[in-house]
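Peer 1: If you scroll down you'll find the structure; I have some questions about it.
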Amino acid sequence: MSNWWQTGIVYQIYPRSFQDSNGDGVGDLPGIERRLGYLRELGVDAIWISPIYPSPMADFGYDVSDYTDIHPLFGTMADMDRLIAAAHDHNLKLILDFVPNHTSNEHPWFLESRSSRDNPKRDWYIWRDPAPDGGPPNNWLARFDGKSAWEWDAPTEQYYLHSFLAEQPDVNWRNPELRAAMLNVLRFWFDKGVDGFRIDVSYRSMKDAQFRDNPPNPNWREGMDPFKRVIERYTRNTPDIEHFNRWLREVSDEYDDRVLIGEINLPPHELVAHYGRSLDGLHLPFNFNLIYTPWEATAVRQLIETYEGVLPQGAWPNWVLGNHDQHRIASRVGADQARVAMLLLLTLRGTPTMYYGDELGMLDGEIPPEMVQDPWEKKVPGLGLGRDPERTPMPWTDAPNAGFCPPEATPWLPLNAEADTVNVASQRSDPDSMLIFTEKLIQLRRETAALNQGSYRSLPAPDGVLAFARQHGAQIRWVVLNLTGAAKSWTLPEASGATAVLLTTESTLPALTATTLQLRPNEGIILAIA
Ligand code: NOJ
């Protein structure tokens, strides 16, 4: 197997929070360039950078006002050209975020579109007449505030659709000119040498052509996320999405060795359709299901088997444990389980995507109310939906502002309280740190074909323990994970000959006999089978 995006590891950088190079408290492209050595040493293969394009920042860059330029906060096009070259010099692939479902309301396309009903770009967005009662054309809701997804435009007396903020109008992919313009954005960056795209909410890009109402959600109760009042039948994952996937794929196939990764929040059996009927869709429809599955051995094993079971022949799996929209893994499963989670992510069959800082066991930050940035938290405060906690600055050292920005600067989000101990420099000098553990794990994965491309098979295990085999040719590795805080005894499943513990989350080796492995609380290990 030769594709870098199959054997490799993707590392997500939230650019505002990685490394500030000019003292404005916001991370930037030269900052990322400065840290390429760190990423190479960590051992990842590709970086995916969340949006860096010009944007009014209503949704921190997911409201793009120019797809083919760089926001001055992040640097210049020359900085980007340099970053692409420097990443490649470090043997790192570079993946950008493509936001095709919506633009900013300040994008020149939208300014034209809203200027009059007969503007040539009117149909580039989704405009509709009011319902007979003058209200919105249907019951579709906007993410974040859960209010109508339709915004009234008084001058032209029509509504426009926005699946997210009103500042993020949805484009109309059924319009051939819009489509051509969007696809040329991909070509622009591919021509510059970008190695792939993560495609924002790709499964929302084709709405129901008949604009049918979504059915009500019978399980919704007052106090729940207001967006969940309806079931999203007609606003995402419509049958036409396969065309969208194929349009993008045709463009990436014009180039060698590129990857398309779709942001798709669906259960396994629906998710896998996005590979395309003859694998002519997205290379990697993101699999977020580990995030939504209880951290419990039986549930996790069931998920893995279900996903493995529905993957189309020849489709390559992938796994994600965190991103800029989800509470950090160490906060979700607890600091004691963070290493076990990392071990799982990096030993499952398929491409893993890591989130910056998770290699340190970074926790969600505490955001005082007056420092809230995320529009989601501002729209529906107190429901725990805000995403600032998982977007706090990367802690590099124990200096004030943790080396993220100069001591006298004000970071755009506060540093985590524990940044003086949980940071790269202090973990680098501690052989038992999460960072050193993660580096060893990545190194082992890189040099072990069974781990980076082998088959998957579940192994019997007692309650609370997840065990599986990875095999490539004659090479076999067993991964055994104690997902509990209690000691566990694991009986080796078959007469195995000599075995050796290659890696443990603990600082000393576990007790292993010819028949039994004693796992300590929260311990995960990789075994070699001779
Ligand atoms: C998904 C992105 O990950 C999220 O951060 C953003 O708010 C929405 N899409 C809208 O673009």
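Peer 1: Output the residues belonging to segment 499-530 that are within 30 Å of Asp430 (Cβ to Cβ), assigned to a loop (DSSP other than H, G, I, E, B) and not aliphatic (A, V, I, L, M). Step through it out loud before you land on a result.
Peer 2: Initially, segment 499-530 is screened for residues within 30 Å of Asp430 (Cβ to Cβ), giving 499-512, 517-528.
From what is left, the residues that are assigned to a loop (DSSP other than H, G, I, E, B) are 505-510, 520-523.
Within segment 499-530, Thr505, Glu506, Ser507, Thr508, Pro510, Arg520, Pro521, Asn522, Glu523 meet the criteria.
Peer 1: Still on this structure, please answer the following. Restricting to segment 184-215, give me the number of residues that are buried (at least 16 other Cβ atoms within 10 Å of the Cβ) and not polar (S, T, N, Q). Outline the logic, then answer.
Peer 2: First, pick out the residues of segment 184-215 that are buried (at least 16 other Cβ atoms within 10 Å of the Cβ): 185-186, 189-190, 194-208, 214.
Among the residues that remain, those that are also not polar (S, T, N, Q) are: 185-186, 189-190, 194-201, 203-204, 206-208.
Number satisfying all stated conditions: 17.
Peer 1: Would you check which residues across segment 319-343 are touching a Leu at 6+ places or on another chain (Cβ under 8 Å) and within 16 Å of the ligand (Cβ to nearest atom) and list them? Explain how you work it out, then say what you get.
Peer 2: Just the residues of segment 319-343 that are touching a Leu at 6+ places or on another chain (Cβ under 8 Å), to begin with: 319-321, 328-331, 335, 337, 340-343.
The answer is Val320, Leu321, Arg328.
Peer 1: Mind checking which residues of segment 19-60 are within 16 Å of the ligand (Cβ to nearest atom), of a type in the set (Phe, Trp, Tyr) and touching a residue at least 60 places away in the same chain (Cβ under 8 Å)?
Peer 2: If the condition is that a residue be within 16 Å of the ligand (Cβ to nearest atom), of a type in the set (Phe, Trp, Tyr) and touching a residue at least 60 places away in the same chain (Cβ under 8 Å), then Trp48, Phe60 are the ones that fit.
Peer 1: State yes or no: is Gly357 more than 16 Å from the ligand (Cβ to nearest atom), at positive phi and assigned by TED's automatic domain parsing to the domain that holds Asp59?
Peer 2: Details: more than 16 Å from the ligand (Cβ to nearest atom): yes; at positive phi: yes; assigned by TED's automatic domain parsing to the domain that holds Asp59: yes.
Yes.
Peer 1: Out of everything in segment 97-108 that is surrounded by fewer than 23 Cβ atoms within 10 Å (Cβ to Cβ) and outside any helix (DSSP H, G or I), what residue ends up being farthest from the ligand (Cβ to nearest atom)?
Peer 2: Pass one, segment 97-108, residues surrounded by fewer than 23 Cβ atoms within 10 Å (Cβ to Cβ): 97, 105-106, 108.
Then keep just the ones that are outside any helix (DSSP H, G or I); that gives 97, 105-106.
Values: Asp97: 8, Asn105: 13, Glu106: 15 Å.
Here the residue is Glu106.
Peer 1: Take Ala149 and decide whether it is aliphatic (A, V, I, L, M), away from the ligand (no atom under 14 Å from the Cβ) and outside the structural domain of Asn217 (by TED's automatic domain parsing). Spell out the reasoning first.
Peer 2: Details: aliphatic (A, V, I, L, M): yes; away from the ligand (no atom under 14 Å from the Cβ): no; outside the structural domain of Asn217 (by TED's automatic domain parsing): yes.
Considered against the rule, which asks whether it is aliphatic (A, V, I, L, M), away from the ligand (no atom under 14 Å from the Cβ) and outside the structural domain of Asn217 (by TED's automatic domain parsing), Ala149 comes out as no.
Peer 1: Could you look through segment 124-138, keep only residues that are closer than 13 Å to Lys207 by Cα and either in contact with a Cys (Cβ under 6 Å, 6 or more places away or on another chain) or part of a loop (DSSP other than H, G, I, E, B) (or both), and pick out the one that is farthest from the ligand (Cβ to nearest atom)?
Peer 2: Asn138
Peer 1: Also, I was wondering about something else. Is at least one residue of segment 75-94 out of contact with any Gly (no Cβ under 6 Å at 6 or more places or on another chain), within 29 Å of Leu284 (Cα to Cα), assigned to a loop (DSSP other than H, G, I, E, B) and within 16 Å of the ligand (Cβ to nearest atom)? Break it down into steps so the answer makes sense when it comes.
Peer 2: Restricting attention to segment 75-94, the residues satisfying the condition of being out of contact with any Gly (no Cβ under 6 Å at 6 or more places or on another chain) are 75-83, 85-94.
Filter once more, keeping what is within 29 Å of Leu284 (Cα to Cα): 77, 79-83, 85-94.
With the extra rule that they be assigned to a loop (DSSP other than H, G, I, E, B), the set shrinks to 90-92.
Those left that are additionally within 16 Å of the ligand (Cβ to nearest atom): none.
No: zero hits.
Listed here are the residues, each with its yes/no results for (1) more than 24 Å from the chain's Cα centre (by Cα); (2) within 16 Å of the ligand (Cβ to nearest atom).
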residue: Phe110; (1), (2): yes, yes
residue: Arg117; (1), (2): yes, no
residue: Pro169; (1), (2): no, yes
residue: Arg174; (1), (2): yes, no
residue: Ala180; (1), (2): yes, no
residue: Asp208; (1), (2): yes, no
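Peer 1: Being at pLDDT below 95 and farther than 13 Å from Thr103 by Cα narrows it down to one residue among Phe190, Phe144; which is it? Even if it seems obvious, please write down each step before you answer.
Peer 2: On the way: Phe190 fails: at pLDDT below 95.
On inspection, the qualifying residue turns out to be Phe144.
Peer 1: Taking Asp66 and the conditions (1) crowded, with 20+ Cβ neighbours inside 10 Å; (2) of a type outside the set (Lys, Arg); (3) in a loop (DSSP other than H, G, I, E, B), which numbered condition does it fall short on, given that it satisfies the others?
Peer 2: (1)
Peer 1: Another question about this same structure. Looking at segment 317-333, is at least one residue surrounded by fewer than 23 Cβ atoms within 10 Å (Cβ to Cβ) and hydroxyl-bearing (Ser, Thr, Tyr)?
Peer 2: There is at least one residue in segment 317-333 that is surrounded by fewer than 23 Cβ atoms within 10 Å (Cβ to Cβ) and hydroxyl-bearing (Ser, Thr, Tyr).
Peer 1: Check Phe144, Phe227 and return the single one that is assigned by TED's automatic domain parsing to the domain that holds Pro381 and in contact with a Lys or Arg (Cβ under 8 Å, 6 or more places away or on another chain).
Peer 2: The match here is Phe227.
Peer 1: Now for a different question. Take the residues of segment 356-391 that are in a helix (DSSP H, G or I) and of a type in the set (Asp, Glu): which is farthest from Thr410 (Cα to Cα)?
Peer 2: The initial filter retains those residues of segment 356-391 that are in a helix (DSSP H, G or I), namely 358-360, 369-371, 375-379, 388-391.
Okay, now just the ones that are also of a type in the set (Asp, Glu), so 358-359, 370, 377, 388, 390.
Details: Asp358: 23, Glu359: 25, Glu370: 14, Glu377: 21, Asp388: 16, Glu390: 18 Å.
The qualifying residue farthest from Thr410 (Cα to Cα) is Glu359.
Peer 1: Please verify whether Thr491 is farther than 26 Å from Gly314 by Cα and surrounded by 15 or more Cβ atoms within 10 Å (Cβ to Cβ), treating the condition exactly as stated. Lay out the reasoning, then the answer.
Peer 2: Working: farther than 26 Å from Gly314 by Cα: yes; surrounded by 15 or more Cβ atoms within 10 Å (Cβ to Cβ): no.
Here the answer is no, as Thr491 does not meet what is asked.
Peer 1: Where the second residue is of a type in the set (D, E, K, R) and in a loop (DSSP other than H, G, I, E, B) and the first is in contact (Cβ under 8 Å) with a residue 40 or more places away in the chain and within 12 Å of the ligand (Cβ to nearest atom) and lies in segment 365-380, which pairs have Cβ atoms under 7 Å and are six or more apart or on separate chains?
Peer 2: Asp374/Arg387; Pro375/Asp59; Trp376/Arg387; Lys379/Asp145
Peer 1: Now, a different point. Give just the number: which of (1) touching a residue at least 24 places away in the same chain (Cβ under 8 Å); (2) away from the ligand (no atom under 16 Å from the Cβ) does Ile291 not satisfy?
Peer 2: (2)
Peer 1: Hey, another quick one. So Phe227 ticks every box in (1) hydrophobic (A, V, I, L, M, F, W, C); (2) within 16 Å of the ligand (Cβ to nearest atom); (3) under 19 Å from Pro100 (Cβ atoms) but one. Which box is left unticked?
Peer 2: (3)
Peer 1: Also, I was wondering about something else. Where in segment 422-498 are there helices (runs of 4 or more DSSP H), lying fully within it, with 3 or more residues that are basic (Lys, Arg)? Break it down into steps so the answer makes sense when it comes.
Peer 2: Details: elements: 424-428, 434-447, 449-453.
Where helices (runs of 4 or more DSSP H) fall fully within segment 422-498 and carry at least 3 residues being basic (Lys, Arg), they are 434-447.
Peer 1: Now, a different point. Of all residues in segment 192-206 being more than 10 Å from the ligand (Cβ to nearest atom) and in a loop (DSSP other than H, G, I, E, B), which is nearest to Val320 (Cα to Cα)?
Peer 2: Asp195
The values are calculated or read from the model by the stated rules, or taken from the named source; none is laboratory data. The structure presented is a predicted model; accordingly, all values stated were derived computationally and were not measured. Virtual Cβ from ideal backbone geometry, glycine too; neighbours counted across all protein chains shown.
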